[in-house]
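Comments concern the structure below.
The values are calculated or read from the model by the stated rules, or taken from the named source; none is laboratory data. As the structure is a prediction and not an experimental result, all values here were calculated from the model. Methodologically, a virtual Cβ is constructed for each residue, glycine included, from the backbone with ideal geometry; neighbour enumeration extends over all protein chains shown.
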Amino acid sequence: MISVILKLSVGLLTVLALALSVGAVMNISIYYPFQIVEGEPIPEHRWQSVRVAVLLTFAFYGFMYLFNASREVYPIHFLKVLLFMLSISGLIFFRMHNVSASEYLILVSWFTWALIFHIGTRKKFKRYFLKK
């Protein structure tokens, strides 16, 4: 059951990422979750959240390499770490910019996706990622 939820979650986020990328090329900003705005810039607090989340993810994997270079991780681990970092940095920047309460629902969704990936990649479910 958890492997089905994990696959559906990854598939949904993959389609969303492609839609957001195509929209950006067409000068259409699509804010998560599904606010479509043409020609308007993405709010500063969202840009900063993503920027810092990417930097923190890089730092996490840098430290992981320096202290445990022989450990392999799966691509889903990267997604999990990025979403956790996005939740943390988002909380900081959303508070700094005094955004509306409805904006915090985005943080809840990021954290929920990260939690789904975390549960789905526990050692109990590792066989799911092995080649058959």
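May I ask you to say which residue of Lys80, Lys126 is at pLDDT 90 or above, within 17 Å of Ile5 (Cβ to Cβ) and not hydroxyl-bearing (Ser, Thr, Tyr)? Give the derivation first.
Numbers: Lys126 fails: at pLDDT 90 or above.
Being at pLDDT 90 or above, within 17 Å of Ile5 (Cβ to Cβ) and not hydroxyl-bearing (Ser, Thr, Tyr) holds for just one of Lys80, Lys126, which is Lys80.
The residues of region 22-51 that are polar (S, T, N, Q) and loosely packed, with under 11 Cβ neighbours inside 10 Å, listed by number, are Asn27, Gln35.
Look through Leu82, Leu55 and report the one residue that is within 13 Å of Trp110 (Cβ to Cβ) and either free of Cβ contacts under 8 Å to residues at least 12 places away in the same chain or in contact with a Ser or Thr (Cβ under 7 Å, 6 or more places away or on another chain) (or both). Working first, answer last.
Values: Leu55 fails: within 13 Å of Trp110 (Cβ to Cβ).
Selected residue: Leu82, the only one of Leu82, Leu55 that is within 13 Å of Trp110 (Cβ to Cβ) and either free of Cβ contacts under 8 Å to residues at least 12 places away in the same chain or in contact with a Ser or Thr (Cβ under 7 Å, 6 or more places away or on another chain) (or both).
Tell me, yes or no, whether region 21-43 has at least one residue that is of a type outside the set (D, E, K, R), assigned to a loop (DSSP other than H, G, I, E, B), without any contact (Cβ under 8 Å) to a residue 60 or more places away in the chain and closer than 19 Å to Phe111 by Cα. There is at least one residue in region 21-43 that is of a type outside the set (D, E, K, R), assigned to a loop (DSSP other than H, G, I, E, B), without any contact (Cβ under 8 Å) to a residue 60 or more places away in the chain and closer than 19 Å to Phe111 by Cα. Is one or more of the residues making up region 66-76 part of a helix (DSSP H, G or I), at negative phi, hydrophobic (A, V, I, L, M, F, W, C) and surrounded by 14 or more Cβ atoms within 10 Å (Cβ to Cβ)? The answer is yes; a qualifying residue exists.
Looking at this structure, is Phe58 in a helix (DSSP H, G or I), aromatic (Phe, Trp, Tyr), surrounded by fewer than 17 Cβ atoms within 10 Å (Cβ to Cβ) and out of contact with any helix residue (DSSP H, G or I) (no Cβ under 8 Å at 6 or more places or on another chain)? Considered against the rule, which asks whether it is in a helix (DSSP H, G or I), aromatic (Phe, Trp, Tyr), surrounded by fewer than 17 Cβ atoms within 10 Å (Cβ to Cβ) and out of contact with any helix residue (DSSP H, G or I) (no Cβ under 8 Å at 6 or more places or on another chain), Phe58 comes out as yes.
Selection within region 92-107: residues that are of a type in the set (Val, Ile, Thr) and in a helix (DSSP H, G or I). The member of this set that is farthest from Val52 (Cα to Cα) is Ile106.
Within region 22-49, if we keep just the residues that are at pLDDT 85 or above and not hydrophobic (A, V, I, L, M, F, W, C), the residue that is nearest to Leu82 (Cα to Cα) turns out to be Ser49.
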